[in-house]
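Undergrad: Submitted below is the structure of interest, expressed as structure tokens.
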Amino acid sequence: MHVLSSARLIQAWEQALGQHPVDRALTLLAAADPQSAREELAALTIGERDARLLAMRESLFGSALESYAECPQCGAQLEFALDAGDLRLPAGMNPSSASGELVAGDIRLKFRPPDSNDLAAVMKCADVATARRLLSERCVMEAERSGVKVPPAGLPEFVVAKLATSLAAADTRADNVVALSCATCGHRWELIVDIAAFLWAEIHALAKRLLREVHALAWAYGWREDDILAMSAARRRFYLELVG
């Protein structure tokens with residue numbers, strides 16, 4: 001995982017602007033891991049993808065994550081802090097399974113955890129039920145009913161519902177959940193931390209700040225963008241202070 005230079009970060013930000021969140025996450029990963037093909041990154045389980053995005057976030061911004069949430073009961077704004085270590089899988093736990101098995105009645109399935117290609121496909125579905133069925137069709141590797149192979153598209157609804165639970169459990173890093181408590185009304189709830197969205201918001205803010213710095217220094221000194229971005233953050237701050 002490479003630490004992005006200011007110039008490379010802005011390039012990735014510009015490329016990711018307007019992209020679907022699934023594609024945007026892959027664009028950020030590809031910027032930090034240029035040795036891996038985009039197809040290889042897209043084939044990572046969602047948990048593994050998010051673990052790499054979390055490592056990328058730590059390299060850029062450190063381990064502290066400052067965030068806020070709105071209480072679903074009273075609407076109060078709650079600020080909270082997390083450490084990246086709180087979102088990492090504990091040592092010794094299996095991050096994901098290459099495949100899993102499910103038995104429901106007389107049906108036996110072998111399935112794999114979803115990846116970014118699967119998410120991109122189901123995002124186009126009109127409703128949750130259609131998305132769940134499409135995901136099952138994509139992730140089921142083998143299906144048998146009383147020992148006879150059956151197509152994933154023909155699975156009964158109760159099997160599809162049970163498979164949805166198994167798919168979530170198969171990738172232990174896919175959902176980063178934190179427990180929150182409202183100081184105003186005392187309501188307690190769990191919040192899923194979307195590390196891809198969190199990282200994009202921070203990169204979006206940083207890229208705009210860097211471009212404002214480029215504008216100020218180019219205006220004052222006539223320097224090229226590449227030269228300004230190649231400076232260390234400390235040198236840019238010094239010149240910006242001189243400019244006022």
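Undergrad: If F158 passes every condition in (1) modelled with pLDDT under 95; (2) open to solvent by less than 40 Å² (accessible area, probe 1.4 Å); (3) among the aromatic types (F, W, Y) but one, which one does it miss?
TA: Only one criterion in (1) modelled with pLDDT under 95; (2) open to solvent by less than 40 Å² (accessible area, probe 1.4 Å); (3) among the aromatic types (F, W, Y) is unmet by F158, namely (2).
Undergrad: Here are A207, A220: which of them is out of contact with any strand residue (DSSP E or B) (no Cβ under 7 Å at 6 or more places or on another chain), at pLDDT 95 or above and surrounded by 15 or more Cβ atoms within 10 Å (Cβ to Cβ)?
TA: None of the others qualify; the one that does is A207.
Undergrad: Could I ask something else about it? Take the residues in segment 36-62 that are more than 19 Å from S6 (Cα to Cα) and either free of Cβ contacts under 8 Å to residues at least 24 places away in the same chain or basic (K, R) (or both); name whichever of them is surrounded by the fewest Cβ atoms within 10 Å (Cβ to Cβ).
TA: Only one residue tops the list, namely E39.
Undergrad: State the number of residues belonging to segment 69-104 that are open to solvent by 70 Å² or more (accessible area, probe 1.4 Å) and at pLDDT 85 or above.
TA: Matching residues across segment 69-104 total 7.
Undergrad: What helices (runs of 4 or more DSSP H), lying completely within segment 1-68, carry at least 1 residues that are among the hydrophobic types (A, V, I, L, M, F, W, C) and touching a Pro at 6+ places or on another chain (Cβ under 8 Å)?
TA: Per the criteria, 46-61.
Undergrad: Here's a follow-up. Restricting to segment 69-86, name every residue that is without any contact (Cβ under 8 Å) to a residue 60 or more places away in the chain and assigned to a helix (DSSP H, G or I).
TA: Hits for segment 69-86 are A84, G85.
Undergrad: Given the structure, is A164 at pLDDT below 95, of a type in the set (G, A, S), farther than 27 Å from A84 by Cα and under 21 Å from the mean Cα position of the chain (by Cα)?
TA: Against the criterion (at pLDDT below 95, of a type in the set (G, A, S), farther than 27 Å from A84 by Cα and under 21 Å from the mean Cα position of the chain (by Cα)), A164 qualifies.
The values are calculated or read from the model by the stated rules, or taken from the named source; none is laboratory data. Just so you know, these numbers come straight off a predicted model, no measurement behind them. Positions of Cβ are backbone-derived with ideal geometry, glycine not excepted, and every protein chain shown enters the neighbour counts. Each accessible area value is taken on the protein alone, full model and side chains, heavy atoms only, with ligands, DNA and RNA left out. Shrake-Rupley method; radii C 1.70, N 1.55, O 1.52, S 1.80 Å.
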